[in-house]
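J.: Once you've had a glance at the structure underneath, I'll fire off some questions.
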Amino acid sequence: MIERLRLVKISKDNVGDACRLAVRPDQESFVAPVAVSLAEAYAQPDIAWPRLVLDGDELVGFVMGAFDPDNPITFFRCGIWRLNIAEGRQGKGYGRFAVQGVLDEARRRGQSRATVLWVPDPGGPQEFYLRLGFRPTGEEFHGQVVGEMFLN
């Protein structure tokens, strides 16, 4: 399956599909819709790194990294801003692949630490990020846990 997976840039040809991507209804409180993420990316094009996750030609997810090495808030310098895996497509490795893509881009940019924020509620993504190797820093931001991973 991995050889079929790829991250692609948002384009005029796929932006409509991207905006229609939806997570499970019980997860909507944990992550912004893709359209909101794309608006944020448009407003911060030098920082945001939005990508679609494709399995072959099928859209299965969206991930947005952020690279702002001079940000005064250290956990906003390099990390994952969003991860949306389509309803019915979770548990198949797509989220792991998307996160790895952001981490690979971080390494390519010479970063040594990546962060992610998550809502610590039942049903949220905390266990997913912990399984990938992120660890809580002890910081919180607007009720979200700040997790970090050191990159080799």
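J.: Against the definition (closer than 26 Å to R109 by Cβ and under 15 Å from the mean Cα position of the chain (by Cα)), how does V53 come out, yes or no?
T.: Yes.
J.: Test V36 against the stated conditions and say whether it is hydrophobic (A, V, I, L, M, F, W, C) and surrounded by 15 or more Cβ atoms within 10 Å (Cβ to Cβ).
T.: No; evaluated as a whole, the condition is false for this residue.
J.: Now for a separate question. Consider region 135-152. How many of its residues are within 22 Å of A106 (Cα to Cα) and among the acidic types (D, E)?
T.: Counting residues in region 135-152 that are within 22 Å of A106 (Cα to Cα) and among the acidic types (D, E) gives 2.
J.: Further question on the same structure: Give the residue, chosen from E28, E58, that is at pLDDT below 95, more than 14 Å from the chain's Cα centre (by Cα) and of a type outside the set (A, V, I, L, M, F, W, C).
T.: E28
J.: To continue, here is another question. Here's a check for you: in region 112-152, which residue that is free of Cβ contacts under 8 Å to residues at least 60 places away in the same chain, assigned to a strand (DSSP E or B) and polar (S, T, N, Q) is farthest from R24 (Cα to Cα)?
T.: Looking at residues that are free of Cβ contacts under 8 Å to residues at least 60 places away in the same chain, assigned to a strand (DSSP E or B) and polar (S, T, N, Q), I get T115.
J.: Determine whether D57 is out of contact with any helix residue (DSSP H, G or I) (no Cβ under 8 Å at 6 or more places or on another chain), of a type outside the set (A, V, I, L, M, F, W, C) and in contact (Cβ under 8 Å) with a residue 60 or more places away in the chain.
T.: no
The values are calculated or read from the model by the stated rules, or taken from the named source; none is laboratory data. Quick caveat: nothing in here was measured; it's all calculated off a predicted structure. Cβ coordinates were reconstructed from backbone atoms using ideal geometry, including for glycine residues, and neighbour counts include every protein chain displayed.
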